[in-house]
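Q: Let me give you the structure first, and then I'll get to my questions.
Quick note: the coordinates plus some simple rules give every number you see, no bench work behind them. Only a predicted model underlies this, so the values are computations on that prediction, with no experimental measurement involved. Because the Cβ atoms are built from the backbone with ideal geometry, glycine has one as well, and the counts that use them run over all protein chains shown.
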Amino acid sequence: ETGVTQSPTHLIKTRGQQVTLRCSSQSGHNTVSWYQQALGQGPQFIFQYYREEENGRGNFPPRFSGLQFPNYSSELNVNALELDDSALYLCASSLQTGGDYGYTFGSGTRLTVV
Amino acid sequence: GENVEQHPSTLSVQEGDSAVIKCTYSDSASNYFPWYKQELGKGPQLIIDIRSNVGEKKDQRIAVTLNKTAKHFSLHITETQPEDSAVYFCAASRGYSTLTFGKGTMLLVSP
């Protein structure tokens, strides 16, 4: 059983640029959630994708957008990057049926905006 | 929405001692309470979880207790070891909905 994999592991971007982060979900999971973790803080929910549609969103502006593909992998896109977007971006996969509420997290992508 | 508060923010213990981390939540409809361990440079790893129909759960040196009336839950680690040093996060959710995390506790176990 494979876990959640994220790419790239590290990224440096300039303010105003756009970035795409990628996530492959754990085998058997059909839902992907994205979280932003600032230094010294707990993860903050960005949005969740289920059946290729957004299934919930946290308090993040529209310049944060995403996609889920038929194989349940996902992308997080951030436009017009700001310095405060510097954080660890975590992808978590889960299964929306069967009574298993658990999430499996990837190791994250460390984004630095300069 | 849900709000989760976690205490303490840092905890230093001697190897072999016990460590306790406490969390409170605000949404009485939350029914799933996982605990995650995050080591430097890694994503959070689930170490134990509990549902609202259970008051206590144990897994070797780790236990979690839940008090639904008071809306708080705690993580207990006994016989701590240096490899237990990490940041621990509590979280809460309603079933399949998103997790709301606490701000984390940095646990340092000294040999």
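Q: Every residue in the range B:1-55 that is farther than 25 Å from B:Pro111 by Cα, in contact (Cβ under 8 Å) with a residue 24 or more places away in the chain and not in a loop (DSSP other than H, G, I, E, B), please.
A: Scanning the range B:1-55 gives B:Val4, B:Glu5, B:Gln6, B:Cys23, B:Thr24, B:Tyr25, B:Tyr32, B:Phe33, B:Pro34.
Q: Specify the residue that is surrounded by the most Cβ atoms within 10 Å (Cβ to Cβ); the eligible residues are those in the range B:40-52 that are at the interface with another protein chain (Cβ under 10 Å from one of its Cβ atoms) and touching a strand residue (DSSP E or B) at 6+ places or on another chain (Cβ under 8 Å).
A: Initial filter on the range B:40-52 (at the interface with another protein chain (Cβ under 10 Å from one of its Cβ atoms)): B:41-46, B:49, B:51.
From the residues that got through so far, the ones that are touching a strand residue (DSSP E or B) at 6+ places or on another chain (Cβ under 8 Å) too are B:43-46, B:49, B:51.
Details: B:Gly43: 22, B:Pro44: 31, B:Gln45: 15, B:Leu46: 14, B:Asp49: 18, B:Arg51: 14.
Once the filter is applied, the top-ranked residue is B:Pro44.
Q: Take the conditions over 25 Å from B:Ser93 (Cβ atoms), free of Cβ contacts under 8 Å to residues at least 24 places away in the same chain and among the basic types (Lys, Arg) and apply them to A:Arg57. Does it pass? Before the answer, list the steps.
A: Working: over 25 Å from B:Ser93 (Cβ atoms): no; free of Cβ contacts under 8 Å to residues at least 24 places away in the same chain: yes; among the basic types (Lys, Arg): yes.
Against the criterion (over 25 Å from B:Ser93 (Cβ atoms), free of Cβ contacts under 8 Å to residues at least 24 places away in the same chain and among the basic types (Lys, Arg)), A:Arg57 does not qualify.
Q: Any chance you could count how many residues in the range A:57-114 are aromatic (Phe, Trp, Tyr), surrounded by 19 or more Cβ atoms within 10 Å (Cβ to Cβ) and assigned to a loop (DSSP other than H, G, I, E, B)?
A: Applying the first criterion (aromatic (Phe, Trp, Tyr)) to the range A:57-114 yields A:60, A:64, A:69, A:72, A:89, A:101, A:103, A:105.
Checking the rest, the ones that are also surrounded by 19 or more Cβ atoms within 10 Å (Cβ to Cβ) come to A:72, A:89, A:101, A:103, A:105.
Still in the list and also assigned to a loop (DSSP other than H, G, I, E, B): A:72, A:101, A:103.
Number satisfying all stated conditions: 3.
Q: Condition first: assigned to a strand (DSSP E or B), of a type in the set (Gly, Ala, Ser) and either in contact with a Gly (Cβ under 6 Å, 6 or more places away or on another chain) or closer than 21 Å to B:Gly43 by Cα (or both). Now tell me which residues in the range B:56-95 satisfy that.
A: Step one: filter the range B:56-95 for residues assigned to a strand (DSSP E or B), giving B:56-59, B:62-67, B:72-77, B:86-93.
After this cut, where a residue has to be of a type in the set (Gly, Ala, Ser) as well, the list is B:63, B:74, B:86, B:91-93.
Scanning the range B:56-95 gives B:Ala86, B:Ala91, B:Ala92, B:Ser93.
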